[in-house]
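Undergrad: Take a look at the following structure, please.
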Amino acid sequence: MEEKNMSIREALQVTVQLIEEISVPVSMADRIARPLCQAVANLRAVIDAIPEAAEEKKEEADEDVQRE
């Protein structure tokens with residue numbers, strides 16, 4: 001598997017996509033589907049809270065470290 005450097009935002013977005021693809025039987029909605037929906041909502045709130053400028057600055061710093 002090829003290793004790819006992801007930003008925090010990208011990693012969280014991939015995690016949201018993975019959770020959203022989980023199929024849950026209707027009979028398990030209360031025990032599984034609703035908590036997964038809440039987890040997705042929480043992750044989206046975190047993604048929205050990450051200032052894009054701070055994320056870009058971190059990526060630049062990571063690139064500088066990799067060059068050294």
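Undergrad: Spin-label point model (7 Å from Cα, Cβ direction): what's the VAL14 to ASP30 distance in nm?
TA: Going by the 7 Å Cα→Cβ label model, 3.6 nm.
Undergrad: Assuming 0.36 nm per residue, please report the length gained on full extension of the stretch GLU21 to ARG44 beyond their Cα-Cα distance.
TA: Roughly 6.7 nm would be gained on extension.
Undergrad: Turning to a different aspect of this structure: Could you give each residue of segment 27-33 its phi-based ³J(HN,Hα) in whole Hz, using Karplus coefficients 6.51, -1.76, 1.60 with θ = phi - 60°, and x for Gly or Pro?
TA: Once rounded to whole Hz, the list reads 5, 9, 4, 5, 8, 10, 5.
All of the numbers you see were taken from the coordinates with simple rules; none came from a lab. Just so it is clear, the model here is predicted, and its values are computed rather than measured. Backbone-built Cβ (ideal geometry, glycine too); neighbour counts: all protein chains shown.
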